[in-house]
């Protein structure tokens with residue numbers, strides 16, 4: 001009951017007064033139904049029905065057209081409706097109400113947008129604290145994340161490495177010059193370095209949470225598709241030797257969604273460096289998947305520190321100046337090369353031979369600085385968990 005009171009407190013009394021015509025009439029009607037429920041004029045079952053109608057309808061609208069064009073107001077409606085849906089589920093005392101509520105909350109986090117005091121991340125924390133994790137971890141044996149012994153591999157034009165470089169050294173020799181660098185001995189103190197190699201721990205902290213999983217060879221391949229899955233199901237299905245396909249939790253702001261895992265990492269001091277008067281906050285993304293996941297050759301617009309926590313990755317890199325030889329795609333994937341750098345078709349892409357290839361083997365506890373617009377291809381040689389920090 002205490003958790004319900006805490007969750008209900010997140011729905012501000014004056015939220016209706018903050019609505020605009022862009023939010024539509026359905027959310028107003030739902031808020032009125034919620035007020036009637038609090039006065040005892042309608043049942044929790046009635047509220048559950050109405051909230052599901054609004055979330056389902058808004059879900060349909062969110063999936064029309066391009067995601068970048070979805071109005072913020074529509075996403076705010078989805079967030080508010082999701083919170084009321086959760087309250088109704090818990091008040092209706094349905095079977096598996098906690099599990100269903102967490103699923104609804106995660107969808108609200110992924111698709112919704114903050115509005116007033118509505119904080120679905122806080123709701124998820126409250127719900128997770130009351131859920132049993134025994135069913136999520138029982139199938140996973142300790143040390144299921146195994147690292148292949150290949151620490152010595154012949155590399156082409158290997159990226160320089162430096163142990164705990166000073167901020168000044170890093171800024172002068174790499175940040176301002178847009179020069180890659182492997183940094184060692186910088187994240188050994190992260191709790192994640194000891195905890196994340198055990199999949200039982202990941203399941204205990206996040207097994208019930210719903211996240212977007214990329215399935216297929218990679219995001220530029222015709223086989224690529226996305227699916228919303230619970231992390232426990234993702235691990236069970238894809239972290240096994242005979243998995244039929246490759247699944248990847250890639251470029252996802254997992255730590256905003258699940259703050260319990262964010263406590264296991266610390267933002268590197270290098271992220272404070274900037275060429276701007278007012279540097280932006282770093283975007284923190286998770287990259288979690290089995291051996292064999294691939295990010296095709298591409299570049300990102302921001303400075304990037306790729307921190308390897310579990311497993312080893314091989315990175316193939318090319319400077320921005322080689323862009324004419326890398327055959328960028330057209331349209332939305334213009335930051336991605338057409339060339340398969342692991343097996344290039346030189347008949348189709350003859351100029352590719354002129355590009356200056358550089359390589360890096362990124363082991364657990366190491367970070368790779370990838371400058372803006374520096375091309376990079378990434379392959380996981382083991383089951384892997386990485387964290388990237390992107391900043392201007």
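The values are calculated or read from the model by the stated rules, or taken from the named source; none is laboratory data. Bear in mind the structure is a predicted one, so any value in this text is a computation, not a measurement. Here Cβ is always computed from backbone atoms with ideal geometry, including for glycine, and neighbour counts include all displayed protein chains.
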Taking segment 13-26 and keeping only residues that are part of a loop (DSSP other than H, G, I, E, B) and either outside the structural domain of residue 77 (by TED's automatic domain parsing) or farther than 18 Å from residue 112 by Cα (or both), one is left with 13, 14
Which condition from (1) at pLDDT 90 or above; (2) farther than 24 Å from residue 257 by Cβ is the one that residue 17 breaks? (1)
I'd like the full set of residues that are in contact (Cβ under 8 Å) with a residue 40 or more places away in the chain and surrounded by 15 or more Cβ atoms within 10 Å (Cβ to Cβ), limited to segment 260-277. 260, 261, 264, 265, 267, 268, 270, 271, 273
Taking first residues from segment 350-367 that are not assigned by TED's automatic domain parsing to the domain that holds residue 196 and second residues anywhere that are surrounded by 15 or more Cβ atoms within 10 Å (Cβ to Cβ), the pairs with Cβ under 7 Å that are 6 or more apart or on different chains are none
Any residue at all in segment 346-364 that is assigned to a strand (DSSP E or B) and under 19 Å from the mean Cα position of the chain (by Cα)? no
Is at least one residue of segment 309-322 under 22 Å from the mean Cα position of the chain (by Cα), part of a loop (DSSP other than H, G, I, E, B), free of Cβ contacts under 8 Å to residues at least 60 places away in the same chain and closer than 24 Å to residue 365 by Cβ? no
In this structure, is residue 237 without any contact (Cβ under 8 Å) to a residue 24 or more places away in the chain and at negative phi? yes
Only one of (1) out of contact with any helix residue (DSSP H, G or I) (no Cβ under 7 Å at 6 or more places or on another chain); (2) part of a helix (DSSP H, G or I); (3) in contact (Cβ under 8 Å) with a residue 60 or more places away in the chain fails for residue 228. Which number is that? (2)
Take residue 248 and decide whether it is in contact (Cβ under 8 Å) with a residue 24 or more places away in the chain, closer than 18 Å to residue 379 by Cα and under 18 Å from the mean Cα position of the chain (by Cα). yes
Under 7 Å by Cβ, and 6 or more places apart or on different chains, what pairs join a residue from segment 42-71 that is in the same structural domain as residue 26 (by TED's automatic domain parsing) with one that is not in a helix (DSSP H, G or I)? 62/70
What residue, of 65, 40, 24, is crowded, with 17+ Cβ neighbours inside 10 Å and on the phi > 0 side of the Ramachandran plot? 24
On the given criteria, is residue 10 outside any helix (DSSP H, G or I) and touching a residue at least 60 places away in the same chain (Cβ under 8 Å)? yes
Could you tell me whether any residue of segment 321-335 is buried (at least 17 other Cβ atoms within 10 Å of the Cβ) and within 18 Å of residue 311 (Cβ to Cβ)? no
Residue 306 versus (1) over 19 Å from the mean Cα position of the chain (by Cα); (2) buried (at least 22 other Cβ atoms within 10 Å of the Cβ); (3) farther than 20 Å from residue 224 by Cβ: which is the lone unmet condition? (1)
Only one of 236, 264 is in the same structural domain as residue 285 (by TED's automatic domain parsing) and in a loop (DSSP other than H, G, I, E, B). Can you tell me which? 264
Would you point out the residue of segment 278-298, among those that are in contact with a strand residue (DSSP E or B) (Cβ under 8 Å, 6 or more places away or on another chain) and farther than 21 Å from residue 213 by Cα, that is surrounded by the most Cβ atoms within 10 Å (Cβ to Cβ)? 282
Which condition from (1) modelled with pLDDT under 95; (2) on the phi < 0 side of the Ramachandran plot is the one that residue 288 breaks? (1)
